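First up is the structure itself, then whatever we jot down about it.
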Amino acid sequence: MLRSNPNVQNSFEFVCLEDLVPQGHLLRKIHKHIDFSFILEKVKPYYCEDNGRPSVDPVMLFKMMFIGYLYGIRSERQLEQEVQLNVAYRWFIGLGLTDRVPDHSTLSLNRKRLQDSTVVQEIFDHIVLKAIELRMVAGRVLITDSTHLKANANKRKFVKQEVEKSVKTYLDDLDEAIQADRAEHGKKPLKPRKEVTETKETKVSTTDPESGYMVRDGKPEGFFYLDHRTVDHKFNIVTDVHITPGNVHDSTPYLDRLELQMKKFGFENSLEAVALDAGYFTAAICKGLHKRNIFAVIGGRSFTPTKGLIAKWRFKYDAQRDTYICPQNHDLPYSTTDREGYRQYKSNPKVCAACPMLNECTRSKNKQRVLTRHVWQDSKEWVKQNGRSRSGKYLYRLRYQTVERSFADAKELHGLRYCRLRGKKKVLEQALMTAICQNVKKIANHLERQVG
């Protein structure tokens with residue numbers, strides 16, 4: 001007989017909240033294996049001890065925020081409603097069925113209070129150290145990449161401003177290498193580099209001035225931030241997160257961030273190799289990794305030669321004589337080393353004038369072919385050779401399974417595709433919180449498998 005029970009909502013029941021959460025629920029695994037009590041010590045300096053109103057438990061507030069990032073809940077108002085309705089969420093943060101859920105404004109004020117602090121970064125570092133303790137981070141192979149995050153800004157609302165170009169941090173080392181190279185070839189030392197402030201006109205958002213206007217092939221155009229992320233290859237644990245405007249080159253912060261990780265997590269003695277994509281293939285990075293004796297695998301760049309002219313790769317370099325040999329077996333001897341760190345090799349115009357391949361070799365009026373070779377070219381050749389090896393090919397393929405998978409999960413599952421707030425500090429907080437949740441989830445699932 002068909003019937004319904006319209007008064008079921010008005011019935012009273014005695015229930016245990018613990019019994020309402022499924023045994024295999026993700027939050028149950030996290031609660032079992034991750035102790036968040038350390039957060040109290042991290043936030044203690046930001047709370048008064050002897051006076052003021054009693055505060056909401058900061059661990060509870062952070063757990064609410066973790067829920068938002070774990071399940072991709074982008075709005076704090078919506079997060080409040082979800083915790084109000086979801087039994088598992090209530091159980092995880094320590095609320096009963098009738099306890100009042102902290103207001104969304106409390107979450108906002110708590111986040112603003114800690115905005116200028118390093119609390120979120122310290123929590124991230126603590127979780128990474130926990131993973132190292134559990135031997136989920138080996139520190140032997142680190143894989144780095146960047147992805148663009150859509151800024152919370154309209155790309156049509158901007159002003160054009162003259163801004164200073166970014167200063168290259170490796171210029172001191174480059175100048176030293178240039179002077180040594182010139183001295184080795186019997187050339188006079190160059191005058192000290194003048195500190196010239198170069199500017200360029202760029203679009204600056206009126207909504208979020210700290211974002212950068214990104215224009216890249218195959219990428220959307222507009223105001224973005226870049227999330228530079230490093231993962232350990234063993235369990236794909238995120239070991240570093242760094243945010244820059246969208247118009248900053250991928251390679252700019254890399255060596256500094258790598259050095260920071262080595263000191264912070266003790267990777268100096270364990271780090272053996274790194275894998276990077278083609279955006280990091282610069283002379284400075286190749287030299288820096290070669291100097292540190294770290295096996296580097298970096299994607300190669302393809303350069304299109306001038307149509308109708310002989311490509312540079314057809315000229316053979318003789319390292320013993322420090323000269324290039326053209327396809328007609330004529331020498332292009334060393335000429336000088338310029339301010340940018342490139343050695344110049346020039347052909348003899350008289351020989352070139354009688355060469356049958358002149359029209360295919362150069363279009364210069366003086367009938368001379370000029371080739372350049374960077375003073376750190378040996379390091380670049382070393383990186384290329386690593387990429388051709390069996391180990392190098394294996395490491396480069398790891399990128400798709402590790403850092404790119406990490407970015408995909410962050411965007412699809414944890415709401416990192418778009419910036420929730422405006423400003424570099426707030427975007428960094430979002431990226432760090434997302435990485436914390438990804439790491440916590442991996443640690444909890446791994447430990448649960450071990451127990452099972």
Ellipticity estimate at 222 nm from DSSP helix runs (n ≥ 4, -39,500 (n - 2.57)) divided over the chain, nearest 500: -12000 deg cm²/dmol
Straight-distance crosslink candidates among lysines, where the alpha carbon sits under 18 Å from Lys187 and sequence neighbours closer than 8 are dropped: Lys346
In the stretch 174-216, trypsin sites (Lys or Arg not before Pro) in a DSSP loop with at most 13 other beta-carbon atoms within 10 Å: Arg193, Lys194, Arg216
Three-way shape call for the stretch 13-117 based on the alpha-carbon gyration tensor, with the a/c threshold at 1.5: prolate
Taking the stretch 13-117 and dividing mean pair separation by its residue count, relative contact order in percent (alpha carbons under 8 Å, at least six apart): 32
Difference of contour (0.36 nm per residue) and Cα-Cα distance, Asp116 to Ala278: 54.9 nm
Separation between Cα centres of the stretch 79-145 and the stretch 349-390, rounded to whole Å: 55
Mean shadow area of the chain over all directions, Cα convex hull, nm²: 33.8
Check: the chain dipole with +1 on Lys, Arg Cβ and -1 on Asp, Glu Cβ, in debye: 2080
Unsatisfied cross-links (Cα-Cα over 27 Å) in the set Lys63/Lys263; Lys234/Lys263; Lys188/Lys287: Lys63/Lys263
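Where a number appears in this text, it was derived from the coordinates with a stated rule and is not lab data. Worth saying up front: this structure is predicted, and the values here are computed from it rather than measured. Note that we place each Cβ from the backbone using ideal geometry, even for glycine, and neighbour counts take in every protein chain shown.
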